[in-house]
Amino acid sequence: MAEKDNKLFADFKPVTAEEWEAQIHADLKGKDYERALVWRTFEGFNVRPYYRQENLAGKEYLESLPGEFPFIRGINKTGNDWLIRQNIFVTDFEAANKKALTVLGKGITSLGFLFSDCCSVTAENLATLLKDICLEAAEINLVCPTDECNCSELFVQYVSSGEFDSTNVLASTAIDPIGTFVLKGVLADDAVSKLQAIVEKAKAVPSFRTIAVHGKFFANSGASVVQELAFSLAQGAEYLTQLTEAGLSADDAALAIKFNLGVGNNYFMEIAKLRAGRLLWSKIVEAFGPKSKEAGKMIVHSETNRFNLTIYDPYVNMLRTQTEAMSAALGGAHSVTVLPFNAVYEETTEFSERIARNQQILLKEEAHLDKITDPAAGSYYIETLTDSIADQAWKLFLEIQDKGGFIAAFKAGFIQAEIKAMAADRNKRYAQRRENILGTNQFPNLTEKLKPGFDGSLFEPVDLSEEGAQAETLKPYRGSQAFEALRYTTDMYSLEEKRPIVFMLTIGNLAVRKARAQFSCNFFAVAGFLVKDNNGFPTVEEGIKAAKAVDSDIIVLCSSDEEYIVLAPKAAELLDEEIFVVAGDPACRPELEEKGITNFIHMKSNILEELKSYQEKLGI
């Protein structure tokens, strides 16, 4: 058999990188290689069109096995299992317990209890909440709106007095005074050091992690993958520093921390982020001199980003969260929450929660992503991405340390400035449709109209800053908000007035007019305008007549650049109050502008600003 294999492979000669490059340059036929094939990422590095084994040379950590320091290949030695988590909002403890028991029978292995009021959590209420739940079979996560809560102490008491083996109990609280500072702007001087006592008491339950690092706050404020990771690591290092200075051992401090990271739609980058995070966190913990390397394991709960969810065409959210959940699973997350598709605009329903659960169950039971340890291993592309993200995140992490650590850097406004600059760049890309939000800034559902009653705050960043804030706070938002506000304005206008009609005056070159009409229909539909496409008109006069017959507000001339010099002025002369638009950016544009034709839409248009201007022209 081996002899046959050797003969088979003998037919295929090795191809060198130089030969690949020569073939690529030949196929490009003079096009700029860097512009055509190299992806310039938000994260500060370039991605090449292909990678080879030599790209991984010198990376010693690749020799480690799964479950071994520095844990880049995962924290488990075998398998890639993760916990499927569902969050339950607790306003009634009995009702929340009933719901928890129900979902535990439907595939959930991790419960997140989100309390509306920490003061309501007592030993009696906690016992009600956890009644009949086997703590050795499901992870319990207690999340309070403030850091002044006693959930961790009550939970330890409950476990210690119950029938469970504390060594088999997985649990966490989300105490994160620095994360609260990030959103609210207030941080007491002793807020972190006070956690020492909580960590000491929680040691009675060995796998109980009491301190959270909410990296998802950065992700949902517009941060890049590198920024989210670097800022999360810096926040974790801040906890390690202050807790060890307060008297905790490095092992106890590290084992108390759990990372809650977002997961976005940049599929391969998110896989690499988790792998790079484990590598860097293990090195950070190592610098504190723990007794056991196990303390350097990075426990990550991944939650699909709110940043990517939309209100319009919400069922597309299922597609987004599915690929995001795949990234988290393949990247080696400890647990994953898939936000239901309607989570950002209404109270989730039994249907939407069931779909969110089943999205992860599908990845386990159908795709078997939980069976293979470190599924991304051996991919030259993902391994190189992992290295690049680790390199860039480490540089940013060190920059924060040079500024005195996370808290000092945040008080100085460094972290906010970095995220705001990144968010502005991302917003610009959305506005120019260099980055697409399916169903919102690209290919909107033409028949969809929102009903009145939507809270305007849904289209604004979330501002939780408190009076007396010591620093500018982060304000989470969604990438689609500006476009949704634009379209919702049209929807509300159309309740009292006629919805604006945009008419495609298609004429001339068949292929070009059809392409430009399709582009223009998509363009104006983003604002909720009613678009009317046409097969084509033999003359400008017939096209204008048809447009007037349907009471058009905007008429878009769709033809070829060569024909515009004649057709555009002729069409403009026949108009009354209608707004005239030329689809494209023709060479004759200066001549047309001299004749008073000033509206042009094309691939480089800032669609958000353009549509706002058309709304203003129409009095919307």
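Only helices at least 18 Å long along their axis, Cα-based, and averaging -1.0 or more on Kyte-Doolittle count here, so list those DSSP H runs from the chain.
Details: long enough: 225-245 (30 Å, 0.33); 267-287 (31 Å, 0.36); 316-331 (23 Å, 0.21); 350-365 (21 Å, -0.84); 380-402 (33 Å, -0.12); 414-431 (26 Å, -0.52); 481-496 (23 Å, -0.46); 510-525 (22 Å, 0.34); 561-573 (19 Å, -0.22).
Helices meeting the criterion: 225-245, 267-287, 316-331, 350-365, 380-402, 414-431, 481-496, 510-525, 561-573.
If r is the Cβ-Cβ distance from Asp132 to Ala57 and R0 is 60 Å, what FRET efficiency results, to the nearest 0.05? Kindly include the intermediate steps, with their values, before the conclusion.
Values: r = 56 Å, r/R0 = 0.93.
Plugging the Cβ-Cβ distance into 1/(1 + (r/R0)^6) gives 0.60.
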Checklist line | Protein-only accessible surface order, largest first, of Trp394, Trp281 at 1.4 Å | finding: Trp394, Trp281
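Could you state the accessible area per residue of the range 478-620 in Å², with a 1.4 Å probe and every protein chain left in place?
45
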Check: How far apart, in nm, are two points set 7 Å out from the Cα along the Cα-to-Cβ line at His602 and at Cys588?
Finding: 1.4
Check: Hey, of [x] -0.41, -0.54, -1.06; [y] -0.54, -0.68, -1.11; [z] -0.45, -0.60, -1.17, which did the structure itself give for log10 I(q)/I(0) by the Debye sum over Cα atoms at q = 0.07, 0.08, 0.11 Å⁻¹ when calculated?
Finding: [y]
Next item on the list: Leaving out ligands and nucleic acids, note down the accessible area per residue over the range 83-141 with a 1.4 angstrom probe, in whole Å².
Entry: 44
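Assign one of three labels to the range 106-209, namely rounded, prolate or oblate, based on the Cα gyration tensor with a ≥ b ≥ c the square roots of its eigenvalues; rounded applies when a/c is under 1.5, prolate when it is not and a/b is larger than b/c, and oblate otherwise. Display every interim value, and only then the final one.
Numbers: a/c = 1.92, a/b = 1.60, b/c = 1.20.
Prolate.
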Next item on the list: Work out the FRET efficiency for Lys31 and Ser249 from their Cβ-Cβ distance, taking R0 = 56 Å, and round it to the nearest 0.05.
Entry: 0.45
Item checked: Separation of the Leu495 and Glu68 label points, Cα + 7 Å toward Cβ, nm -> 6.4
Item checked: Rounded accessible area of Ile419 (nearest 10 Å², 1.4 Å probe) -> 0
Margin query: Which one, Phe414, Asn427, Gly439, is farthest towards the positive end of the dipole of the range 386-442 when Lys and Arg carry +1 and Asp and Glu -1 on their Cβ?
Written below: Gly439
Notebook entry, point to check: In the chain, carbon and sulfur make up what percent of the accessible area (probe 1.4 Å)?
Noted result: 52
Notebook entry, point to check: Just by accessible area at a 1.4 angstrom probe, what is the order of Phe217, Phe351 from largest to smallest?
Noted result: Phe351, Phe217
Next item on the list: Enter the accessible area per residue of the range 355-471 (Å², integer; probe 1.4 Å; all protein chains in place).
Entry: 51
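Go through Glu353, Glu610, Glu496 and list them by solvent-accessible area, largest first, probe radius 1.4 Å.
Working: Glu353 20, Glu610 50, Glu496 155 Å².
Largest accessible area first, the list is Glu496, Glu610, Glu353.
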Checklist line | Inter-site label distance for Trp20 and Asp425 at 7 Å from Cα along Cβ, in nm | finding: 2.6
Checklist line | Within the chain, helix-based [θ] at 222 nm, where runs of 4 or more DSSP H residues each add -39,500 (n - 2.57), nearest 500 | finding: -13500 deg cm²/dmol
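Where a ≥ b ≥ c are the square roots of the eigenvalues of the C-alpha gyration tensor, would you call the range 268-417 rounded, which needs a/c under 1.5, or, failing that, prolate if a/b is larger than b/c, or oblate?
Oblate, because a/c is 1.5 or more while a/b does not exceed b/c.
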Notebook entry, point to check: Using the Cα gyration tensor of the range 177-302, with a ≥ b ≥ c the square roots of its eigenvalues, what is the shape: rounded (a/c below 1.5), prolate (a/b larger than b/c) or oblate (neither)?
Noted result: oblate
Item checked: Environment charge of Ala237, counting only residues whose C-beta is closer than 14 Å and scoring Lys/Arg +1, Asp/Glu -1 -> -3
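The values are calculated or read from the model by the stated rules, or taken from the named source; none is laboratory data. Note that the coordinates shown come from a computational prediction; the quantities given were computed from them, not determined experimentally. Cβ atoms come from the backbone with ideal geometry, glycine included; neighbour counts cover every protein chain shown. Please note that ligands, DNA and RNA were not included when accessible areas were found on the heavy atoms of the full protein model with its side chains. Shrake-Rupley method; radii C 1.70, N 1.55, O 1.52, S 1.80 Å.
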